[in-house]
Amino acid sequence: MSNVRVRFAPSPTGFFHIGSARTALFNWLYARHTGGTFILRIEDTDQARNSEAFLKLIYDSLTWLGMDWDEGPNPDGVGERGAFGPYRQSQRGDVYQKYKQQLLDAGRAYEKDGAVWFKLLGERYKTYDEHRKKEVEKVKTLPVVIDDQIRGRVERQEDEDFVIFRSDGNPVFHFVNVVDDITMQVSHIIRGEDHLSNTSKHVRLYEGFGVTPPVFAHIPLILKSPEMGQGKMSKRDKGALIEEYQQRHFLPEALVNYLSLLGWNPGDNREKMLIADIVSLFDLPAVNQSNARFDGKKLANMNMTYLLEQPADRFVQLARDYFVKQPTGAAVMANEAYFREVLLMAQPKIKSIDELGAYTVYFFTEEFPIDAKVKEKVMAKGDPQARLAELIAALPAMDFSSDAAIEAGIKSLAEGKGLGFGDYQAVARLAVSGTNAGPSITSMFRVLGKERVVARMERFLRTA
RNA sequence: GCCCUCAUCGUCUAACGGUUAGGACAGGUGAUUCUCAUUCAUCAAAUCGGGGUUCGAUUCCCCGUGAGGGCGCCA
């Protein structure tokens, strides 16, 4: 095992969104690529906004996406693993007190207005702050130099003392973040670019503790797609929540694959890749510097590509997971062999699992909808009623033992009337399935069975 | 207002300082299949602007402009 130690440090104050997932992913990829350790740390110091439900969502989302962690709370939330715990900041009060005392003893922190402040070293002066509309005390310091793995050399001036413990006694983010990274021996900090400006604070804190800062790597942000407006993606944007993709039965590996391509590429034209290949190819210097816009269409396409190539058993299992949650689920899955046959017929045709219900409805009930637009179109051409009547007459004698036999049967009927297969196909499909989209008419007939096909045609003729 | 970062088709992106600026998604057109979808073929589509450096700049430098982020006793 290498000495690379990275962490993902979410706070359970809201839904798990796509930006967090991508940050987690890049950390996970780097850990797996280097043979290092991936740590999950829960930043739950903000008691007012924390919730157990959101905490569980973090575990579930990471697990669903296949990002396993080596240290941190256990995925079921009971107990934890790793030698550097506790991994929830709410349980690390003692550690923070100790480090606060260290700063106090060294003269690098002081109390003011009931809060504890970190003290910058240098000459002090007062100046008016245009942004905050008040006079502030600043400190003349040398710029902090950050050698970022993705950005290169970044310089930033840190010129004001800042709070590390609030007057309510709780430590603030910058402080706990640095203390935890020190005590957990984090070697690389991979996080969003929104933290780049905070990094100078963090570096000063490391110096205050007499510790060499870890390697920083600030990854680009995910922006809204153009139709969603301006700015970085937030939880309120459509498609921003991991939970949503889970509910829509996306394939997690497709989502991970898509996310990995937002700000990174393997150096060639490959896009669809095995997770194992992404792990072996991923590296920090290859990460882009510019922000990326989220594109739901490309994600959907990636998901479809994955869906098309799923082995039959996995696809049926995915379908089962979907139908279990549908009100009609029990009826749909009542006959195992029939269910499987219908589903495998649908697999090459659908773009996402959540289309399955509508796509296969007429296989499981007589109460399927008739698409009005399709009906109008089909009925306007030729003499569909006559074709249907001919089919009804010919069907009882037809061989239904195979797709080929059915096809031959319809063809010979058509030839006898001087017509083509196509003259019967559209109206038969409409009468039997209520739509124009579906598997081949022959396999549809065979799976449905002769009686049901004839009955539906008769009913259609009566009501049409 | 101050500070930091970024800038190639609509979007994600590729291109040792030398390419007809490539690929993918989305879009257009056509072919194939009994429908639909897939698939295949094909078309359209970009180096933000201005200065340098250089024989030569998408690539290096500067200035604009635009976009994103930060400036909390939030994380």
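Some points to look at:
- Sorting A:156-167, A:98-109, A:12-23 by average packing, meaning the other beta carbons within 10 Å per residue, from highest down gives A:12-23, A:156-167, A:98-109.
- Net +/- balance of residues flanking A:Ala408 in space, Cβ distance below 11 Å, scoring K and R +1, D and E -1: -3
- Full extension of the chain segment joining A:Asp168 with A:Arg236 gains 21.4 nm, where the gain is 0.36 nm per residue of separation less the Cα-Cα distance.
- Accessible area of chain A divided out per residue, in Å², using a probe of 1.4 angstrom: 47 Å²
- Over all orientations, region A:311-364 has a Cα convex hull whose mean projected area works out to 3.2 square nanometres.
- On the beta carbon distance between A:Val215 and A:Lys134, with R0 = 35 Å, the FRET formula returns roughly 0.40.
- Volume of the convex hull of region A:300-412 (Cα atoms only), normalised per residue: 160 Å³.
- A:Asp371 paired with A:Arg156, simple spin-label distance in nm, labels 7 Å along Cα-to-beta-carbon: 5.3 nm
- Evaluated at q = 0.08, 0.11 Å⁻¹: base-10 log I(q)/I(0), Debye formula over Cα of chain A: -0.64, -0.94
- Virtual paramagnetic centre 7 Å along Cα→Cβ of A:Leu461, amide N under 14 Å, in region A:389-413: A:389-397
- Residue-averaged [θ]222 nm for chain A, counting only DSSP H segments that reach four residues, each worth -39500 (n - 2.57): -13500 deg cm²/dmol
- As a ratio to 2.2 N^0.38 Å, the alpha-carbon radius of gyration computed for region A:92-219 takes the value 1.07.
- Accessible surface ranking for A:His188, A:His202, 1.4 angstrom probe, highest first: A:His188, A:His202.
- Listed residues A:Asp46, A:Asp180 arranged by accessible area, highest first, probe 1.4 Å: A:Asp46, A:Asp180
- Of A:Lys349/A:Lys411; A:Lys100/A:Lys201; A:Lys238/A:Lys298; A:Lys232/A:Lys351; A:Lys56/A:Lys272, pairs whose Cα-Cα distance is over 21 Å: A:Lys349/A:Lys411; A:Lys232/A:Lys351; A:Lys56/A:Lys272
- Over region A:372-463 - Rg/Rh using Cα atoms and the Kirkwood inverse-distance radius: 0.92
- Accessible-area value, A:Met304, 1.4 Å probe, nucleic acids and ligands omitted, Å²: 50 Å²
- Whole-angstrom gap from region A:441-457 to region A:297-326, using each part's C-alpha centre: 26 Å
- Portion, in percent, of the accessible area of chain A that falls on carbon or sulfur, probe 1.4 Å: 50 percent
The values are calculated or read from the model by the stated rules, or taken from the named source; none is laboratory data. Small disclaimer: the values here were computed from a predicted structure and weren't measured. We place every Cβ from the backbone using ideal geometry, glycine too, and count neighbours over all the protein chains shown. Only protein heavy atoms, including side chains, enter the accessible area calculation; ligands, DNA and RNA are left aside. Shrake-Rupley method; radii C 1.70, N 1.55, O 1.52, S 1.80 Å.
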